[in-house]
Amino acid sequence: MEEFKNMYFSIESDEEGEDPGFVTLMTQDEEDEINKQEFPNEIPILPLRNTVLFPGVVFPITLGRDKAIRLIKDAYKSTKIIGVVAQKDEEIDDPSADDLYEIGTLAYIVKMIRMPDGNTTAIIQGKRKFKLEELSQTEPYFRAKVSDITEQPFKTNRENNALISTVRDMASKIVEISPNIPTEANFALKNIDSPNFLVNFIASNLNVDIDEKQLILELSNIPEKAEVVLAHLNREMQMLELKNQIQSKVKVDLDKQQREYFLHQQIRAIQEELGQDSPDQEIEQLRARGIRKKWDEITAKAFTRELDKLMRTNPAAPDYSVSLNYAELLLDLPWNEFTKDSFDLSKARKTLDADHFGLEKVKDRILEYLAVLKLKGDMKSPILCLYGPPGVGKTSLGKSIARAMGRKYVRVSLGGLHDESELRGHRKTYIGAMPGRVIQNLKKVGTSNPVFVLDEIDKIGSDFRGDPSSALLEILDPEQNHAFHDNYVDLDYDLSKVMFIATANRLDTIQPALLDRMEIIEINGYTLEEKIQIAKKYLVPKQRKEHGLKAKDFSISEKVLGTIVEEYTRESGVRGLEKKIASLARFRAKQVVGGEDIKAAVSDKFVYDVLGNQRIEKELYQDNETAGVVTGLAWTSVGGEILFVESTMTSGRGKLTLTGKLGDVMKESAITALTYLKANCDELKIDAAIFDQYDFHIHFPAGAVPKDGPSAGITILTSLASLITQRKVKSHVAMTGEITLRGKVLPVGGIKEKILAARRTGIREIILSESNRKDIDDIPAHYIVGLKFHFVKHMNEVLKLAITKNKVKDARIWKLKDTSN
C-alpha cells in the first residue's frame with residue numbers, strides 16, 4: 001500500500017466544449033442506486049494486464065494494445081459501459097478466453113483523453129461485479145455474455161462495525177507512518193461511508209500480487225473480504241515498522257560513501273533479525289576453512305587477497321557475488337589432496353580381469369605403472385590413448401582401472417566440443433563465467449589424482465571460438481601439466497598426478513602434436529571365440545541380473561552364442577551382441593511372468609523366433625573358376641572383411657572404368673596397377689596391343705558401401721593379370737598390400753582384423769608385405785592356427801604365388817588387330 005492514487009479526478013472541459021466532469025468517492029446511496037439499475041446481458045470485455053478494478057474505484061488506464069483502443073473508442077461513443085477482467089499472466093500480449101479470470105467488474109468510461117505524447121488514456125470507474133459466461137465475439141475485440149454477481153448486504157452489528165473500523169484505522173495509521181503516502185489520503189478514508197466501497201478502495205491500493213487482489217474481488221461477503229484486507233494491512237504495517245526500526249539504528253549524513261555504508265548496515269540488521277550470518281561472519285568462516293587447506297604460499301596469498309577484497313566490497317554490489325564464488329571454488333578444489341593407491345598387483349590384476357576379457361597390453365601397462373610407483377614412491381602419471389573400433393571396452397576400461405588402483409573415476413566426453421573455454425574456463429570478469437571441465441570435475445571428485453577419461457578425443461571440433469585440441473596440448477603434456485592454468489582460477493594447478501586416459505576410434509583426425517604426447521595402445525576387435533567367452537562370462541550374467549532372471553530361467557550355450565555372433569552381429573566389439581542377448585532376456589522374462597513351461601537353455605529356434613530372420617549374410621570365399629576375380633582383405637570400423645575385386649575387358653581404346661563407390665586413394669591404386677602392367681608387359685608375357693584395343697572395368701561389390709585406402713593395390717593388379725592371361729588365381733588365397741610403380745609391395749594396417757576375417761571365411765593362405773611380418777609376430781598363436789603366410793617385397797612375387805599356370809574354364813581369347821601398318 002505504497003500510494004493512494006485513485007481517490008478522485010477533476011476533469012477539465014475538452015476542445016468540443018463538453019461539460020467538465022468531476023468524479024468523487026462513491027457514497028452508500030450511490031452504491032444502492034447502482035445495484036438497482038438494469039444489468040446488461042452482453043458487454044465488450046477489456047483485459048487488464050497488471051491490476052484489478054474494484055467496484056466504486058476510479059483510476060486511469062493507458063491504452064497500448066490496438067484492440068483496447070478500438071474497444072474504448074466504440075464504447076465511449078455508445079453506452080460507455082464495458083467489462084474489465086484481469087489477465088492471469090501479464091506477459092501475454094494477445095490473451096485468449098483461457099487467459100482471463102472469470103470474475104470481473106462492470107465499468108463506466110468517465111473520460112477519454114488524448115495525451116501530449118500521443119497515447120490514449122481512459123478514466124474508468126468500477127460499478128458492479130459480474131461473471132463472464134461465454135465469449136460471443138473475439139474480433140476486433142472481445143464481447144461476452146455476462147451475469148450479475150450480487151454482493152451480500154452488509155449486516156450492521158457490533159462485530160462487523162468493529163471490523164470495518166479496524167480496517168479504516170489500520171489504513172489511516174499506515175498513511176501516517178509511511179513517508180511515500182500523502183496525508184490527504186486520510187481525508188478520503190474518513191469520508192467513505194459505504195463499508196463495501198471502503199474495503200474495495202483499500203484493496204485496490206494494496207501492494208500485493210494480482211492473484212491476491214483477484215481473490216479479494218471474488219469474495220461477496222463483506223466481513224470476510226474485510227478480514228483478508230486486514231491481514232494484508234497488518235503485514236504492511238509490520239514491514240513499515242521494521243524499516244523504521246532499521247533506519248533508526250543508522251542515522252548518518254547520506255553523502256555517497258555514507259549512503260553505501262548505511263545500506264550495508266541495513267542488510268546486516270535484516271540478517272540479524274532473520275537469524276542469519278552477516279557478511280563479515282561468512283568471510284571469517286571462509287578464512288578459517290582456508291587455514292586447513294594444503295595449498296602453496298602463492299595460492300594462500302591469492303585467497304587471502306580475495307577475502308580482503310570481499311571485506312571492502314558492498315554485499316549488494318555485483319562484484320561481491322563474483323568474488324565470493326571465486327573464493328568458494330578455491331576452497332572446494334582438492335589442492336594437494338590425493339587418494340592412496342593400491343599397490344597389490346595381484347588384486348589389481350584380478351579386478352581388471354573381472355571386468356574385461358583380454359586387453360592384455362593395457363592391463364600390463366597399468367600393472368607396470370603401479371610397480372614403478374611402489375618402488376619409486378613418486379612418478380608422473382602416464383597419459384594413455386586407447387585406440388580401437390567401437391564397442392571393445394575402451395571407455396569402461398577407464399572405470400575398471402580406477403577400481404584396480406583404488407582411485408576416483410572421472411569421465412569427460414569430448415565429442416563435438418568446439419569451444420576452448422570448455423576446457424580452460426572463462427575469465428571471471430565475464431558474466432556467468434565458470435572454470436573449465438577439468439577443474440570442475442576435480443572439484444566434484446575431491447582428489448587431485450583421479451583416473452580421468454577423455455572420451456572420443458578424435459571427435460573434437462574447432463571453429464571461431466578456438467581449438468580445444470590445442471588446449472589439450474598443455475593438459476596432456478607431463479612437462480607442462482604440473483602448472484595447468486585455468487582462466488577462471490587464474491592460478492597454476494598441478495595435474496601431473498592425474499592419470500589421463502583418452503579413447504579414440506581413429507588416429508588420423510587427432511592433431512599430430514597431441515598424438516605425440518600420448519602413449520598409443522591399440523585395442524583390436526575380438527575373435528569369434530573371444531566374443532563367445534565375453535558373452536558367457538560377462539554379458540549373459542549381466543543381462544540375467546538386469547532382467548531379474550535366475551540361472552534356472554535363462555542360460556545360453558557356447559554353440560548358440562556362436563550363432564548369435566555370426567548371424568546377428570557385425571562388429572569388432574560386443575555392444576551389438578549385448579543388445580541381442582538383452583532382447584532374448586526380455587522375451588524370457590515375459591515367458592516367466594506369464595507362467596509358461598520353459599527350459600533354461602536357449603535354443604537356436606528360440607533365437608530365430610525372438611530375433612527374427614534378418615540375419616547378416618557373411619562374405620564367404622568363392623571358387624577360382626572365373627578369371628579376374630581375386631579375394632582381398634579390408635579393414636572397416638566394425639572389424640576386418642574379405643573384399644572381392646572383379647575385372648573384365650571389352651573392345652575399346654584402353655579406357656579404365658572403376659565402380660563400387662571408391663575413394664580417391666583406391667582409384668589411384670587401380671591406375672597404378674594398370675600402368676605397372678603396361679610398363680612390364682614383356683616381362684609378364686602380355687601383348688602390349690591389348691591395352692590399346694580393349695577397355696578395362698574394375699568393380700568392387702557392395703556398391704553402396706564407401707571404400708578407400710591403398711591396401712587393395714596388389715589385389716587389383718592380380719585381378720588384372722588374371723583377366724588378361726585368363727589364368728586361375730590360386731584357391732583359398734587372399735591378399736592385402738600397397739603397390740608402387742616400381743612394383744614394390746608396401747605394408748598396410750589393420751592386419752589382425754584382416755586375418756580374423758580371412759580365417760572366418762575359409763581362407764587358407766595370405767599374401768602380405770615383408771614389412772608386415774612384425775605385425776604377425778605380435779599376434780597370439782591361436783589367432784593364426786590353420787593359416788599360411790607369404791611375405792613378399794615385389795609384385796612379381798605376388799603374381800608367382802597367386803596366379804597358377806592353369807587356364808580358367810571357357811577361357812576367352814583376346815582378338816588383337818594388326819596395327820603394324
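The values are calculated or read from the model by the stated rules, or taken from the named source; none is laboratory data. Everything quoted here is computed from the prediction, not taken from an experiment. Cβ: placed from backbone, ideal geometry, glycine included. Neighbour counts: every protein chain shown. For the accessible areas, the whole protein counts, side chains as well, though only heavy atoms, and no ligand, DNA or RNA atoms are used. Shrake-Rupley method; radii C 1.70, N 1.55, O 1.52, S 1.80 Å.
Among all the aspartates and glutamates, which ones have a C-alpha under 19 Å from Lys590's C-alpha, if same-chain residues fewer than 8 places away are not counted? Those aspartates and glutamates meeting the cut-off are Glu546, Asp553, Glu578, Asp604, Asp609. With the highest mean first, a sort of the peptides 584-596, 742-754 on other beta-carbon atoms found within 10 angstrom per residue produces 742-754, 584-596.
Solvent-accessible area of the stretch 330-437 (1.4 angstrom probe, protein heavy atoms only): carbon and sulfur portion equals 54 percent.
Relative contact order for the stretch 115-197: 17 percent, from Cα pairs under 8 Å spaced at least 6 residues apart, divided by residue count. Beyond 24 Å, what percent of the Cα pairs of the stretch 342-486 remain? Tail fraction, whole percent: 37.
Within the shell of other residues whose beta carbon sits under 13 angstrom from the beta carbon of Arg575, the net charge comes to +4, with Lys and Arg scored +1 and Asp and Glu -1. Please label the shape of the stretch 153-207 as rounded, prolate or oblate, based on the square roots a ≥ b ≥ c of the eigenvalues of the alpha-carbon gyration tensor (a/c under 1.5 means rounded; beyond that, a/b larger than b/c means prolate, else oblate). Because a/c hits 1.5 or more and a/b exceeds b/c, the stretch 153-207 counts as prolate. Only lysines eight or more places from Lys131 in sequence, or on another chain, were considered; those with a Cα closer than 28 Å are Lys5, Lys36, Lys67, Lys73, Lys77, Lys80, Lys88, Lys111, Lys145, Lys155, Lys213, Lys225.
Output the pairs from Lys294/Lys399; Lys459/Lys754; Lys376/Lys497; Lys685/Lys807; Lys340/Lys545; Lys350/Lys380 with a Cα-Cα distance over 22 Å in this structure; if there are none, say none. Violating the 22 Å limit, Cα to Cα: Lys294/Lys399; Lys459/Lys754; Lys340/Lys545; Lys350/Lys380. Dipole orientation for the chain: of the candidates Ile501, Met115, Asn180, Ile501 has the Cα lying most toward the positive pole (charges on Cβ; Lys, Arg +1; Asp, Glu -1). From the Kirkwood radius over Cα pairs of the stretch 664-743, Stokes-Einstein at 4 °C and 1.567 mPa s returns a whole-number translational diffusion coefficient of 96 µm²/s. With coordinates expressed along the principal axes, the C-alpha atoms belonging to the stretch 164-249 extend over 44, 28, 19 Å, beginning with the largest. Debye-formula intensities of the stretch 508-656, expressed as log10 I(q)/I(0) at q = 0.12, 0.14, 0.19 Å⁻¹, are -0.69, -0.81, -1.12 (one equal scatterer per alpha-carbon, no solvent).
Run the reach check for Lys752 against lysines, Cα to Cα strictly under 16 Å, same-chain hits fewer than 8 apart removed. What comes back? Answer for Lys752, where 16 Å is the Cα cut-off: Lys361, Lys531, Lys774, Lys788, listed by chain and number.
Taking the C-alpha atoms only, the angle from helix 256-274 to the longest principal axis of the chain is near 90 degrees.
Would you kindly work out the equivalent ellipsoid of the chain from its C-alpha gyration tensor and give its semi-axes, the square roots of five times the eigenvalues, largest first in whole Å? Kindly include the intermediate steps, with their values, before the conclusion.
Details: eigenvalues 1410, 308, 165 Å².
In descending order, the three semi-axes are 84, 39, 29 Å.
Charges at C-beta only: +1 for Lys and Arg, -1 for Asp and Glu. How large is the resulting dipole of the chain about its Cα centre, in Debye rounded to 20?
Details: 116 positive and 125 negative charges, 1203 e Å.
My answer is approximately 5780 debye.
May I ask for the angle, rounded to the nearest 10°, between helix 279-291 and the longest principal axis of the chain, with both axes built from Cα atoms and the value confined to 0 to 90°? Helix 279-291 sits at roughly 30 degrees to that axis. With K and R counted +1 and D and E -1, the other residues having a Cβ less than 9 Å from that of Lys363 yield a net charge of 0.
With runs of 4+ DSSP H residues as the only contributors, calculate the mean residue ellipticity of the chain at 222 nm using -39,500 (n - 2.57) per run, divided by the residue total and rounded to the nearest 500.
Values: 29 runs with 332 residues, N = 821.
Result for the chain, helices only: -12500 deg cm²/dmol.
The spread of Cα positions in the stretch 699-770, taken along each principal axis and listed from longest to shortest, comes to 31, 31, 25 Å. Once the Cα atoms are used to define both axes, helix 318-332 deviates from the longest principal axis of the chain by about 40 degrees. Ligands, DNA and RNA left out, the 1.4 Å accessible surface of the stretch 124-205 is 47% carbon and sulfur atoms.
Think of the chain as a dipole: +1 on every Lys or Arg Cβ, -1 on every Asp or Glu Cβ, centred on the Cα centre; then among Phe39, Leu330, Thr715, Thr715 lies furthest on the positive end. Think of the chain as having a plus end and a minus end, set by charges on the Cβ of Lys, Arg, Asp and Glu; of Ser769, Thr736, Ala802, Ala802 sits farthest toward the positive end of this dipole. Looking at the chain, the accessible area is 51 square angstrom per residue; that uses a 1.4 Å probe and ignores ligands, DNA and RNA.
Protein heavy-atom surface of the stretch 721-821, 1.4 angstrom probe: 50% of the accessible area is carbon and sulfur, with nucleic acids and ligands not counted. Length, then width, then depth: along the principal axes, the Cα atoms of the stretch 731-821 run 61, 31, 17 Å.
Which value results for Rg/Rh of the stretch 629-675 when Rg is the Cα radius of gyration and Rh the Kirkwood radius based on the inverse mean 1/r? Rounded to two decimals, Rg over Rh is 1.01.
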